[in-house]
Amino acid sequence: MSRLSYSFSLLALACSSAAFAQSTVPPRVVAAEKLPSFWVLDGTSIQADAPNYGKNIEQPGCATVSFIVEKDGSTSTIKVQKVAPEGDLGKVAASAAASMKFTPTVSNAGRDRVFSWLIFPFNLPADAAARTAVMQRCAVEKLGWKDH
């Protein structure tokens with residue numbers, strides 16, 4: 001092996017090792033209310049697979065879904081953490097989370113990966129107090145990386 005090809009081999013190994021190390025680093029855990037400090041949701045990106053029927057699909061409810069925002073703004077490692085009432089709304093929320101796209105903020109120029117969560121509302125009543133009561137059923141104080 002020539003010195004030049006040996007040097008390129010070492011460089012390639014170093015680059016692949018750095019990429020592997022970066023991909024194995026857990027993302028930063030960011031509470032839902034702090035997520036906009038790192039990533040801004042592109043509201044036009046959200047689409048959900050909503051079935052015509054299912055358990056409690058027409059009831060007022062919510063689902064808390066955790067996910068990772070990747071460096072390219074896509075979501076991964078999507079997990080339904082809480083659903084109220086119990087039923088098929090979690091599947092709808094998970095499909096919506098899978099379609100989300102984010103843009104990094106100026107303070108996140110390095111495009112740091114983050115683990116966070118959001119509450120997805122469904123069929124909320126018109127009354128503000130009743131809406132709050134429904135959403136409180138899916139409130140999660142804190143999730144950690146272990147909860148993914």
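Coordinate-derived values only; no laboratory data. The structure presented is a predicted model; accordingly, all values stated were derived computationally and were not measured. Backbone-built Cβ (ideal geometry, glycine too); neighbour counts: all protein chains shown.
General observations
- The spacing between the range 84-148 and the range 29-80, judged by their C-alpha centroids, is 5 Å.
- Over 19 Å apart at the Cα level, from the set Lys82/Lys146; Lys71/Lys101; Lys82/Lys142; Lys101/Lys146; Lys91/Lys142; Lys101/Lys142, are Lys101/Lys146; Lys91/Lys142; Lys101/Lys142.
- Distance in nm between pseudo-label sites at Glu58 and Thr44 (7 Å out along the Cβ direction from Cα): 3.4
- Principal semi-axes in Å for the range 27-147 [√(5λ), Cα gyration tensor, largest first]: 25, 15, 13
- Only Lys, Arg, Asp and Glu carry charge here, each on its Cβ (+1 for the first two, -1 for the last two); on that basis the range 27-147 has a dipole of about 340 debye about its Cα centre.
- Of the GluC sites (Glu not before Pro) in the range 62-148, the ones in a loop by DSSP (not H, G, I, E or B) with at most 12 other beta carbons within 10 Å are Glu86, Glu141.
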